[in-house]
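*Asks:* I have a structure here, written as structure tokens, and I will follow up with some questions on it.
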Amino acid sequence: MNIVWVSSEAVPYAKTGGLADVSGALPEALAARGHKVDVILPWYPQVTGKLKLKFDSFTGPLGVPFGEKHTEWAQIRTLNAKENLRFHFIEYDRFFDRPKLYDWNGVEYGDNAQRFIFFSRAAMQALLALHLSPDVIHANDWHAALCCVYLRSDLYNGYENFRNARSILSIHNIGYQGVFNKENLYWTGLGWGYFHHNCIEYYDQLNFLKAGVMTAHMVNAVSPTYAQEILSAEYGFGLDPALRNCAYSGRLRGILNGIDVHEWDPVHDKLLPATFSADNISGKNVCRKKLQEYFNLPVRADVPLFATISRLAYQKGLDVQAAALTRLLEAGEDLQFVVVGSGDPGLENWYAHLQERFPGKLAFYRGYAPDSLSHLVEAGADFFAMPSRYEPCGLNQMYSMRYGTLPIVRSTGGLADTVTNFNYQNSDSATGFVFYDLNAEALANTMRWAAAVRRDERAAFDAMRRNAMMRDFSWNNTASQYERMYEDAHR
């Protein structure tokens with residue numbers, strides 16, 4: 001197939017979260033399976049420009065209709081990454097020459113509606129300029145969702161390039177929908193005929209993600225459980241009626257993300273002080289010692305070492321985790337905990353306060369972890385905690401399992417799909433510890449339980465660690481499921 005992947009970020013060019021990991025890895029996996037894949041991204045001079053990329057071609061000027069009778073002029077930078085895989089960057093400095101992708105100091109850019117209306121329209125124009133005739137236009141999250149609307153609109157449905165095209169919308173996190181004042185409809189060029197409840201209108205505002213849901217040929221969420229959860233009012237964030245319509249018509253799928261098993265490989269990881277495997281775990285002990293030294297924690301082999309790497313956000317349940325840790329540490333529990341992340345100032349201060357109160361027990365790294373630290377944490381810890389309120393897929397629990405670090409997760413979304421809960425009859429298949437009620441007591445008790453298994457049930461703990469390391473989370477299996485979805489979109 002000829003596949004066009006449209007995303008606001010992709011590893012290694014620009015990243016704020018899991019969307020970038022997927023947009024870097026899945027197109028590569030699809031290309032390796034013989035499909036021709038073109039990825040379209042914004043060109044962020046202050047972010048991507050740091051990579052000093054050498055481009056293979058430049059296409060322009062690219063005329064992008066913006067508003068009803070106005071045209072802006074952009075350029076396309078093209079990079080031939082691998083066989084069957086090209087990246088095209090939309091260069092337009094007015095909207096994309098920013099220090100960060102979506103916000104500054106936690107405040108979203110005031111022109112984000114215009115920025116990503118422009119990006120979606122520019123992506124469609126780029127397909128014409130590059131003479132591409134896609135079988136699939138795969139839009140990701142609200143930033144690119146308008147591509148699904150444009151494909152069905154009179155603006156583009158008459159072009160021969162799009163005669164066989166079908167649109168796919170992937171929802172990576174439904175909590176972010178692109179909701180803006182309706183006056184921004186002017187910039188889309190679509191006209192008020194599209195401002196209705198079966199398209200872009202949402203409580204008298206624009207909702208880009210909803211527009212994509214209503215117009216895409218297929219919609220997918222990034223795990224099977226999350227695809228079911230977003231049909232409910234609790235997890236649907238107001239889009240559950242539209243998504244139930246998708247489900248009833250057979251247009252909704254749930255496909256679990258994979259991970260880059262080459263980057264996250266404890267056997268060949270050059271970022272670690274020592275490598276290891278499921279058959280020879282000794283290098284993990286070296287990583288553990290280095291992790292304790294890095295955070296000035298007492299170097300002890302007997303103490304359970306827990307870790308979290310995350311955005312400090314309400315979604316991630318880290319307020320509940322802070323409360324659980326407060327309980328455990330005040331009770332004098334013998335444990336060590338490493339927290340790496342930034343985000344909500346209140347949570348940052350809470351974890352910094354815990355570090356001051358309990359030195360040698362809890363260490364807090366405020367900020368975005370460099371790759372070397374992320375890999376060391378995943379390799380050196382015994383347990384990785386993810387008490388999320390909701391988690392569309394989650395990647396860290398898969399990284400953790402690959403490195404023999406057992407996840408402690410709340411049963412939601414992709415966490416429920418990837419972690420097999422331990423009981424005393426299933427040590428030959430269990431890969432972690434699962435709890436259900438999101439409160440401090442439940443999480444604290446699960447951590448006590450995990451620590452007790454490590455201390456008193458060592459054979460079961462070692463078996464679980466081996467199970468976890470043997471799980472296959474590669475993109476190859478995931479790519480085959482996307483292929484089937486693309487085929488179904490053409491039926």
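The values are calculated or read from the model by the stated rules, or taken from the named source; none is laboratory data. This one's a predicted model, so the numbers in the text were calculated from it and none came from an experiment. Methodologically, a virtual Cβ is constructed for each residue, glycine included, from the backbone with ideal geometry; neighbour enumeration extends over all protein chains shown. Side chains included, ligands, DNA and RNA excluded: accessible areas come from the protein's heavy atoms. Shrake-Rupley method; radii C 1.70, N 1.55, O 1.52, S 1.80 Å.
*Asks:* Is there a residue in segment 327-341 that is farther than 19 Å from Asn257 by Cα, without any contact (Cβ under 8 Å) to a residue 40 or more places away in the chain and basic (Lys, Arg)?
*Replies:* No, there is no match, as no residue in segment 327-341 is farther than 19 Å from Asn257 by Cα, without any contact (Cβ under 8 Å) to a residue 40 or more places away in the chain and basic (Lys, Arg).
*Asks:* Sticking with this one: Restricting attention to segment 424-456, which residues are of a type in the set (D, E, K, R), modelled with pLDDT of 95 or more and part of a loop (DSSP other than H, G, I, E, B)?
*Replies:* Asp437
*Asks:* Any chance you could count how many residues in segment 220-238 are on the phi > 0 side of the Ramachandran plot and open to solvent by less than 10 Å² (accessible area, probe 1.4 Å)?
*Replies:* 0
*Asks:* Exactly one condition in (1) outside any strand (DSSP E or B); (2) of a type outside the set (Lys, Arg); (3) over 16 Å from Arg288 (Cα atoms) is not met by Ala385; state its number.
*Replies:* The failed condition is (1).
*Asks:* Return yes when Phe461 is under 18 Å from Val419 (Cβ atoms) and either at pLDDT 95 or above or open to solvent by 20 Å² or more (accessible area, probe 1.4 Å) (or both) and no when it is not. Break it down stepwise before answering.
*Replies:* On the way: under 18 Å from Val419 (Cβ atoms): yes; either at pLDDT 95 or above or open to solvent by 20 Å² or more (accessible area, probe 1.4 Å) (or both): yes.
In short, yes.
*Asks:* While we're here: Please go through segment 165-213 and pick out each residue that is charged (D, E, K, R), over 30 Å from Gly414 (Cβ atoms) and in contact with a Leu (Cβ under 7 Å, 6 or more places away or on another chain).
*Replies:* Residue satisfying the conditions is Lys182 alone.
Residue by residue, here is whether (1) among the acidic types (Asp, Glu); (2) more than 14 Å from Arg448 (Cβ to Cβ); (3) in a strand (DSSP E or B) holds:
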position	(1), (2), (3)
Phe306	no, no, yes
Ala322	no, yes, no
Asp334	yes, no, no
Gly346	no, yes, no
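*Asks:* Separate question: Could you please find all residues in segment 78-90 being without any contact (Cβ under 8 Å) to a residue 60 or more places away in the chain, in contact with a strand residue (DSSP E or B) (Cβ under 7 Å, 6 or more places away or on another chain), farther than 26 Å from Asn184 by Cβ and not polar (S, T, N, Q)?
*Replies:* Matches in segment 78-90: Leu79, Ala81, Leu85, Arg86.
*Asks:* Return a yes/no flag: does segment 358-379 have any residue that is within 30 Å of Gln228 (Cβ to Cβ), open to solvent by less than 10 Å² (accessible area, probe 1.4 Å) and in contact with a helix residue (DSSP H, G or I) (Cβ under 7 Å, 6 or more places away or on another chain).
*Replies:* Yes, some residue in segment 358-379 is within 30 Å of Gln228 (Cβ to Cβ), open to solvent by less than 10 Å² (accessible area, probe 1.4 Å) and in contact with a helix residue (DSSP H, G or I) (Cβ under 7 Å, 6 or more places away or on another chain).
*Asks:* Sticking with this one: Within segment 395-418, which residues are touching a strand residue (DSSP E or B) at 6+ places or on another chain (Cβ under 7 Å), assigned to a loop (DSSP other than H, G, I, E, B) and open to solvent by less than 10 Å² (accessible area, probe 1.4 Å)?
*Replies:* Let us first name the residues in segment 395-418 that are touching a strand residue (DSSP E or B) at 6+ places or on another chain (Cβ under 7 Å), namely 396-397, 400-401, 405-411, 415.
Now restrict to residues that are assigned to a loop (DSSP other than H, G, I, E, B): 405, 411.
Across segment 395-418, the qualifying residue is only Thr405.
*Asks:* Could you pull out the residue among Leu256, Leu271 that is touching a helix residue (DSSP H, G or I) at 6+ places or on another chain (Cβ under 7 Å) and farther than 28 Å from Ser411 by Cβ?
*Replies:* Leu271
*Asks:* Return yes or no: is Pro241 under 27 Å from Glu487 (Cα atoms) and open to solvent by 20 Å² or more (accessible area, probe 1.4 Å)?
*Replies:* Spelling it out, Pro241 is indeed under 27 Å from Glu487 (Cα atoms) and open to solvent by 20 Å² or more (accessible area, probe 1.4 Å).
*Asks:* Could you check how many residues of segment 457-487 are of a type in the set (Asp, Glu), under 25 Å from Asp21 (Cα atoms) and in a helix (DSSP H, G or I)?
*Replies:* 2
*Asks:* Restrict the check to segment 268-275 and report whether at least one residue is touching a residue at least 24 places away in the same chain (Cβ under 8 Å) and in contact with an Asp or Glu (Cβ under 9 Å, 6 or more places away or on another chain).
*Replies:* Yes, segment 268-275 contains a residue that is touching a residue at least 24 places away in the same chain (Cβ under 8 Å) and in contact with an Asp or Glu (Cβ under 9 Å, 6 or more places away or on another chain).
*Asks:* Still on this structure: If Asn467 satisfies every condition in (1) surrounded by 15 or more Cβ atoms within 10 Å (Cβ to Cβ); (2) in contact (Cβ under 8 Å) with a residue 60 or more places away in the chain; (3) under 16 Å from Ser277 (Cα atoms) but one, which is the exception?
*Replies:* Unmet for Asn467, out of (1) surrounded by 15 or more Cβ atoms within 10 Å (Cβ to Cβ); (2) in contact (Cβ under 8 Å) with a residue 60 or more places away in the chain; (3) under 16 Å from Ser277 (Cα atoms): (2).
*Asks:* Can you tell me which of (1) of a type outside the set (A, V, I, L, M); (2) at pLDDT 95 or above; (3) buried (at least 21 other Cβ atoms within 10 Å of the Cβ) is the one Asp21 doesn't meet?
*Replies:* Among (1) of a type outside the set (A, V, I, L, M); (2) at pLDDT 95 or above; (3) buried (at least 21 other Cβ atoms within 10 Å of the Cβ), Asp21 violates only (2).
*Asks:* Would you confirm whether or not segment 208-219 contains a residue that is within 15 Å of Pro392 (Cα to Cα) and buried (at least 17 other Cβ atoms within 10 Å of the Cβ)?
*Replies:* Yes, the conditions are met somewhere in segment 208-219.
*Asks:* Would you mention how many residues in segment 52-77 are crowded, with 17+ Cβ neighbours inside 10 Å and in contact (Cβ under 8 Å) with a residue 40 or more places away in the chain?
*Replies:* Going through segment 52-77 one residue at a time, the tally reaches 7.
*Asks:* Here are Gln321, Gln355: which of them is in contact with a strand residue (DSSP E or B) (Cβ under 9 Å, 6 or more places away or on another chain) and surrounded by 21 or more Cβ atoms within 10 Å (Cβ to Cβ)?
*Replies:* Values: Gln355 fails: surrounded by 21 or more Cβ atoms within 10 Å (Cβ to Cβ).
Going through Gln321, Gln355 in turn, the sole match is Gln321.
*Asks:* Give the residue that is nearest to Ala369 (Cα to Cα), with candidates limited to residues of segment 259-285 that are touching a Phe, Trp or Tyr at 6+ places or on another chain (Cβ under 8 Å) and of a type in the set (A, V, I, L, M, F, W, C).
*Replies:* This residue is Trp264.
*Asks:* Next up: Give all pairs with beta carbons closer than 7 Å in which a residue from segment 216-245 that is free of Cβ contacts under 8 Å to residues at least 24 places away in the same chain meets a residue that is basic (Lys, Arg) and open to solvent by 10 Å² or more (accessible area, probe 1.4 Å); count only pairs at least 6 apart in sequence or on separate chains.
*Replies:* Leu231/Arg244
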